[in-house]
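Below is a structure I'd like to ask you about.
What follows draws every value from the coordinates through simple rules; no lab data is involved. Because the structure is predicted, anything quoted here is derived from the model rather than measured. Note: ideal-geometry Cβ built from the backbone for every residue, glycine included; neighbour counts use all protein chains shown.
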């Protein structure tokens with residue numbers, strides 16, 4: 001059996017399993033990154049819209065989660081409609097979101113007093129169904145809570161992003177516990193490429209796809225999201241096959 | 001008296017009649033400082049202060065004004081409000097304080113708002129009406145909060161005038177040597193009751209919470225209101241929810257007749273033990289949608305303790321505004337905008353309307369002043385922040401001082417130490433010079449900040465600034481701060 005035939009069989013089987021799950025075409029809608037290297041790794045060719053995704057910062061960024069926040073903002077910016085941003089700490093600087101493509105008129109902030117009410121607001125926003133995306137900066141996310149959120153995201157057809165922020169540097173890894181999230185991303189910052197003149201170039205991220213339901217984990221070196229919230233593939237990928245290079249120039253431009 | 005009122009710094013007394021005597025019923029503050037007191041005969045007042053301004057007292061108009069004030073408090077603060085004549089309001093703040101940022105902020109806000117409209121007010125929160133009454137009138141601070149369980153201790157030093165008893169009992173107690181509420185609480189009850197009647201004992205019990213004291217809530221006939229009286233008391237949450245739906249239906253019909261939409265709904269539960277429980281929900285825009293209003297009320301039913309049963313449910317649109325019909329979709333091409341007002345209301349009622357906001361740009365170069373909060377459903381004018389300089393994702397609440405090695409006059413730092421970690425700067429961009437807003441604040445006439453975006457060896461990016469330039473000492477001390485984190 002050729003590779004293509006095998007793929008067709010697998011795709012057919014996947015469709016049938018999805019029918020058993022009772023998920024409709026709307027649930028299968030995805031939000032592609034526009035970067036073939038990443039989209040190919042994700043089932044359906046992008047981030048599943050009606051589901052929960054987890055993002056956390058890596059290394060020193062685990063507490064502030066600034067890079068993770070911009071990554072989440074970039075994803076939310078590419079959805080349609082308003083975005084609900086739930087937080088407990090008010091250190092977010094709105095102009096940065098605007099520079100990541102999220103216009104100030106699109107974001108509604110919810111400053112919940114504690115984690116419990118934060119999760120309630122998160123779920124409420126997901127169930128409403130009229131929002132483009134709901135982002136919540138959560139410290140802890142138990143299996144039960146993530147399951148609830150995943151179900152709420154499916155029910156409302158809304159993209160859910162749990163932005164994990166540790167409270168202390170010494171705290172255990174945010175992804176140490178299992179969760180029902182469809183994908184888990186860790187965003188680490190990388191030193192940027194030197195410019196020919198003094199200055200700071202586009203930020204570089206090391207993007208780890210730690211978990212992906214119906215997919216494999218992967219690592220990517222990308223350039224940080226731009227003014228439209230799009231990340232670009234880093235031109236410095238070491239193990240890229242040479243023949244693919246020509247086709248990917250567009251993605252890194 | 002409105003516009004006819006004399007200025008507040010006049011020495012004014014109001015004059016009423018007691019039998020054939022003309023006595024002073026109220027004194028303004030300057031008059032009080034001059035030695036005039038309530039209850040004094042007018043002749044004595046004239047003797048003390050010949051140029052005192054006198055006006056006839058009008059208790060009926062006073063009561064009407066107090067009612068209007070109570071109605072205002074009802075619309076702005078809590079569902080259960082009643083006038084407490086002659087000069088007070090009683091507000092049951094149960095479940096209402098968190099929507100105003102806690103008890104202290106609520107009371108301070110109340111006193112300040114009343115003060116801004118020329119009403120000198122004092123406020124207190126306590127477990128019982130009696131304790132709050134005494135504390136509001138006789139506590140040293142204009143805002144007094146008595147923590148739950150400490151009522152007896154806090155009220156003990158207050159004078160017996162705060163007990164809501166007729167003046168003759170007060171005089172009688174004074175004659176016996178009682179000065180404070182604590183003195184009265186300390187002695188056996190029976191001889192006191194024998195001498196002064198049952199009222200004193202009842203007031204003392206109500207003060208301590210031994211005897212319940214329901215507040216008879218103010219209701220304005222102008223407001224749309226529906227009521228359901230039950231033959232048999234109800235208690236199950238499902239039953240309450242069912243009747244809530246029915247009441248909302250009736251209320252929406254009543255609102256429709258007037259062309260109004262509800263901005264604030266109060267659902268009162270009269271329990272069989274003669275106490276009151278209340279739910280208040282608010283909406284960001286006028287609403288007459290039964291489903292949405294029912295949802296908002298049903299969300300809060302769990303906070304109601306039915307006790308031995310509820311015999312009356314009373315639903316009032318405390319605040320209603322004209323509801324205008326709007327066209328939802330204007331053309332086929334335009335994308336449909338999802339209506340999120342319902343979601344906003346649900347969340348706002350759960351965590352407080354102030355915690356739900358949008359950020360809008362302010363024309364200011366100073367980063368911490370460049371954002372302000374607007375209501376989540378405020379019209380979007382599409383404005384955004386001008387300028388292409390990158391802004392950090394996280395802005396520290398206040399800039400943190402850092403230790404820096406930098407070349408003068410305007411080079412970015414080569415290394416800096418923040419929170420005990422030394423970082424080598426690999427790349428840097430700047431300076432972006434931001435001047436103080438001298439046209440608004442005199443203190444910032446010469447203030448200058450030079451912002452740099454720096455990247456350390458691991459790729460983390462920070463937003464640093466140096467306050468001041470080298471030429472003018474007034475522009476700042478030349479110290480370095482870390483203000484934000486990029487990514």
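At a threshold of 8 angstrom on Cα-Cα distance, excluding pairs fewer than six apart, so keeping six or more, what relative contact order does chain A reach in percent? Numbers along the way, then the final one.
Values: 513 pairs, mean separation 56.4, N = 253.
About 22 percent, as a whole number.
Can you tell me the FRET efficiency between residue B:410 and residue A:195 if r is taken as the Cβ-Cβ distance and R0 is 25 Å, rounded to the nearest 0.05? Provide the component values of the computation, followed by the final result.
Working: r = 19 Å, r/R0 = 0.77.
Efficiency at R0 = 25 Å is approximately 0.85.
Return one number: the angle in degrees, 0 to 90 and rounded to the nearest 10, between the long axis of the Cα atoms of helix B:198-208 and the longest principal axis of the Cα atoms of chain B.
20
Enter the mean number of other protein chain beta carbons within 10 Å of the beta carbon of each residue in B:354-364, as an integer. The partial results should precede the final answer.
Working: counts 1, 9, 8, 5, 9, 12, 3, 4, 0, 0, 0.
That works out to 5 on average.
Calculate the FRET efficiency for residue A:140 and residue B:47 from the Cβ-Cβ distance with a Förster distance of 60 Å, rounded to the nearest 0.05. Don't skip to the end; give the middle numbers.
On the way: r = 74 Å, r/R0 = 1.24.
FRET efficiency, residue A:140 to residue B:47: 0.20.
Which whole-number percent is the relative contact order of chain B (Cα, under 8 Å, 6+ apart)? It would help to have the intermediate numbers written out before the result.
Values: 802 pairs, mean separation 39.4, N = 487.
Computed over chain B, the figure is 8 percent.
Taking other Cβ within 10 Å of each residue's Cβ, how do B:44, B:257 sort, fewest first? Let's see the in-between values first.
Details: B:44 14, B:257 9.
Arranged by neighbour count, lowest to highest, B:44, B:257 become B:257, B:44.
Label 7 Å along Cα→Cβ of residue B:175; the stretch B:192-216 residues with amide nitrogen under 16 Å?
Counting backbone N atoms under 16 Å from the label point, the list is B:192-197.
Kirkwood Rh and Cα-based Rg: tell me the resulting Rg over Rh for the protein assembly as shown, rounded to two decimals. Can you show the working numbers first?
Details: Rg = 32.8 Å, Rh = 30.8 Å.
Ratio of gyration radius to Kirkwood radius for the protein assembly as shown: 1.06.
Could you list B:429, B:266 in order of exposure, starting from the residue whose Cβ has the fewest other Cβ atoms within 10 Å?
Working: B:429 19, B:266 26.
Ascending number of Cβ neighbours within 10 Å: B:429, B:266.
Follow-up. Using the beta-carbon distance between residue B:457 and residue B:250 and R0 = 60 Å, what value does 1/(1 + (r/R0)^6) give for FRET efficiency, to the nearest 0.05? Please report the intermediate quantities before stating the final value.
Details: r = 70 Å, r/R0 = 1.16.
Computed FRET efficiency for residue B:457 and residue B:250: 0.30.
Now for a different question. Over the stretch A:1-150, what relative contact order in percent results from Cα pairs under 8 Å that are six or more residues apart?
On the way: 172 pairs, mean separation 28.4, N = 150.
It rounds to 19 percent for the stretch A:1-150.
State the dimensionless ratio Rg/Rh of the stretch B:2-57 (Rg: radius of gyration of Cα atoms; Rh: Kirkwood radius).
Numbers: Rg = 10.6 Å, Rh = 11.1 Å.
My calculation puts Rg/Rh at 0.95.
In nm, give the distance between the simple-model label positions of residue B:229 and residue B:305, each being 7 Å from the Cα along the Cα-to-Cβ direction.
2.8
Also, I was wondering about something else. If you take each beta carbon of peptide A:97-109 and count the beta carbons of other chains within 10 angstrom, what is the mean? It would help to have the intermediate numbers written out before the result.
Numbers: counts 4, 6, 9, 3, 0, 1, 4, 12, 11, 2, 4, 11, 7.
Across A:97-109, the average partner-chain Cβ count within 10 Å equals 6.
Roughly how crowded by other chains is peptide B:382-394, in terms of the mean Cβ count from those chains within 10 Å of each of its Cβ atoms?
On the way: counts 3, 3, 8, 7, 1, 2, 2, 2, 5, 8, 7, 16, 10.
Other-chain Cβ atoms within 10 Å of each residue's Cβ, averaged: 6.
What translational D, rounded to a whole number of µm²/s, comes out for the stretch B:425-470 from Stokes-Einstein when the hydrodynamic radius is the Kirkwood one over Cα pairs, at 37 °C and 0.692 mPa s?
Values: Rh = 11.6 Å.
My calculation gives 283 µm²/s for D.
Scattering from the C-alpha atoms of the stretch B:225-322 alone, worked out with Debye: what is log10 I(q)/I(0) at q = 0.23 1/Å?
-1.15
For a test of the definition: using alpha carbon positions, the gyration tensor, and the 1.5 limit on a/c, classify chain A as rounded, prolate or oblate.
Values: a/c = 1.61, a/b = 1.04, b/c = 1.54.
Oblate, since a/c reaches 1.5 and b/c is not below a/b.
Share of antiparallel DSSP beta bridges in chain B, in percent to the nearest 5?
On the way: 74 of 81 bridges.
Close to 90 percent.
Let me ask something additional. Which residue, A:46, A:199, A:34, tops the fluctuation ranking in a GNM of chain A built on C-alpha contacts under 10 Å?
Fluctuation is largest for A:199.
From the gyration tensor of the Cα coordinates in the stretch B:394-485, what semi-axes in whole Å does the equivalent ellipsoid have, largest first, with each one equal to sqrt(5λ)? All intermediate terms of the calculation are to be shown ahead of the outcome.
Numbers: eigenvalues 110, 38, 24 Å².
Result for the stretch B:394-485: semi-axes of 23, 14, 11 Å.
In deg cm²/dmol, rounded to 500, what helix-only [θ] at 222 nm does chain B give when every DSSP H run of at least 4 residues adds -39500 (n - 2.57) and the total is split over its residues? Can you show the working numbers first?
Numbers: 13 runs with 138 residues, N = 487.
Value at 222 nm, helices only, nearest 500: -8500 deg cm²/dmol.
Report, to the nearest 10°, how far helix B:237-258 tilts away from the longest principal axis of the Cα atoms in chain B, using its own Cα long axis and a range of 0 to 90°.
Orientation of helix B:237-258: about 90 degrees from the principal axis.
In a GNM of chain A with a 10 Å cut-off on Cα contacts, which of A:43, A:196, A:32 has the highest mean-square fluctuation?
Comparing A:43, A:196, A:32 in the GNM, the peak value goes to A:196.
Let me ask you something else. Round to the nearest 10 and give me the degree value, 0 to 90, for the angle of helix B:129-138's Cα axis relative to the longest principal axis of chain B.
80
Okay, next question. Counting other C-beta atoms within 10 Å, which of B:400, B:311 has the fewest, and how do the rest follow? Kindly include the intermediate steps, with their values, before the conclusion.
On the way: B:400 12, B:311 18.
In increasing order of surrounding Cβ atoms, one gets B:400, B:311.
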